[in-house]
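The values are calculated or read from the model by the stated rules, or taken from the named source; none is laboratory data. Just so it is clear, the model here is predicted, and its values are computed rather than measured. Every residue, glycine among them, receives a Cβ derived from its backbone with ideal geometry; neighbour counts consider all protein chains shown.
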């Protein structure tokens with residue numbers, strides 16, 4: 001009897017020692033995987049690779065980017081939501097899986113509210129209201145005045161239905177008190193080219209697509225959609241400056257872990273990610289993509305998501321945006 005009790009105590013102490021040994025390992029003790037929900041070569045994918053490369057150097061562990069593309073970034077989000085909550089599988093995506101998708105899809109394969117541990121806001125990709133060379137307006141004021149007299153007559157392009165650009169355009173129209181006619185295209189380049197060719201007089205496109213076309217005089221930048229001016233085009237005014245206070249729309253990307261990831265691990269990843277975003281090399285590489293580095297606490301990222309989720313729900317309902325599931 002005592003012998004069995006001694007053996008049981010031995011195994012209990014052994015398991016306890018193993019648990020303490022594992023818990024005591026400094027994170028990360030092995031390679032980390034960063035899942036990206038968008039295609040290789042895009043701004044979010046490149047940002048993920050830049051950040052991962054620097055984290056790998058800091059951690060002295062491999063940090064590998066893995067693209068799991070499709071279904072409005074839901075494939076990647078679902079995969080990470082089901083991963084072990086140990087910090088070794090992370091998610092870097094736009095905020096759409098947490099803000100736009102819940103407003104558009106009746107069912108999601110992940111929980112956008114409780115399924116993840118926010119880590120940090122990583123990038124902000126400003127969008128721009130651009131006008132074509134033959135557009136009958138050259139400013140936001142002129143656009144609004146003209147639209148108020150021609151409800152639904154002014155068409156505008158976006159990279160697709162229910163994209164961040166689409167949401168931004170509908171938000172602008174609603175706040176300006178005008179009715180515009182949305183024309184969704186397949187991707188950002190097609191949306192920009194539609195304005196360039198004169199197929200539509202107005203577009204909501206990404207900063208990186210707008211910059212060279214505006215600088216060459218082929219398009220006119222009416223306003224950027226972020227609350228503050230972007231340092232990449234400091235002379236371009238914001239929508240908020242031009243009469244719609246509080247307007248702040250951008251393609252933002254954040255870093256997440258599965259729900260239940262230890263707070264100490266989340267804090268370590270957050271701290272090191274913020275250091276990476278402050279590096280001059282990181283900022284230079286982001287600037288080449290037309291992307292602003294951001295950085296935030298986990299709590300700040302969570303607050304951004306909650307605010308955007310509520311706002312987007314209102315915009316979707318007001319504009320009657322629907323997609324085929």
Query raised in the report: Just a yes or no: is a residue in the range 201-210 farther than 24 Å from residue 252 by Cα, in contact with a helix residue (DSSP H, G or I) (Cβ under 9 Å, 6 or more places away or on another chain) and either surrounded by 18 or more Cβ atoms within 10 Å (Cβ to Cβ) or at pLDDT 95 or above (or both)?
Result: yes
Query raised in the report: Which of the residues belonging to the range 126-158 are crowded, with 24+ Cβ neighbours inside 10 Å and modelled with pLDDT under 95?
Result: 126
Report task. Would you mind finding the one in 261, 282, 271 that is in a loop (DSSP other than H, G, I, E, B) and either in the same structural domain as residue 86 (by TED's automatic domain parsing) or surrounded by fewer than 20 Cβ atoms within 10 Å (Cβ to Cβ) (or both)? Result -> 261
**Report entry** Looking only at the range 285-300, and only at residues there that are touching a helix residue (DSSP H, G or I) at 6+ places or on another chain (Cβ under 9 Å) and in a helix (DSSP H, G or I), the one that is nearest to residue 173 (Cα to Cα)
**Finding:** 286
Report summary line: Apart from one, (1) assigned to a helix (DSSP H, G or I); (2) over 19 Å from residue 249 (Cβ atoms) all hold for residue 167; the odd one out is (2)
Query raised in the report: Any chance the range 303-319 includes a residue that's assigned by TED's automatic domain parsing to the domain that holds residue 47, under 21 Å from residue 49 (Cβ atoms), surrounded by 13 or more Cβ atoms within 10 Å (Cβ to Cβ) and modelled with pLDDT of 95 or more?
Result: no
Query raised in the report: Among the strands (runs of 3 or more DSSP E) confined wholly to the range 87-160, which include 1 or more residues that are out of contact with any helix residue (DSSP H, G or I) (no Cβ under 8 Å at 6 or more places or on another chain)?
Result: 116-131, 155-158
**Report entry** Residue that is surrounded by the most Cβ atoms within 10 Å (Cβ to Cβ) [pool: residues in the range 168-196 that are within 19 Å of residue 217 (Cβ to Cβ) and touching a residue at least 60 places away in the same chain (Cβ under 8 Å)]
**Finding:** 195
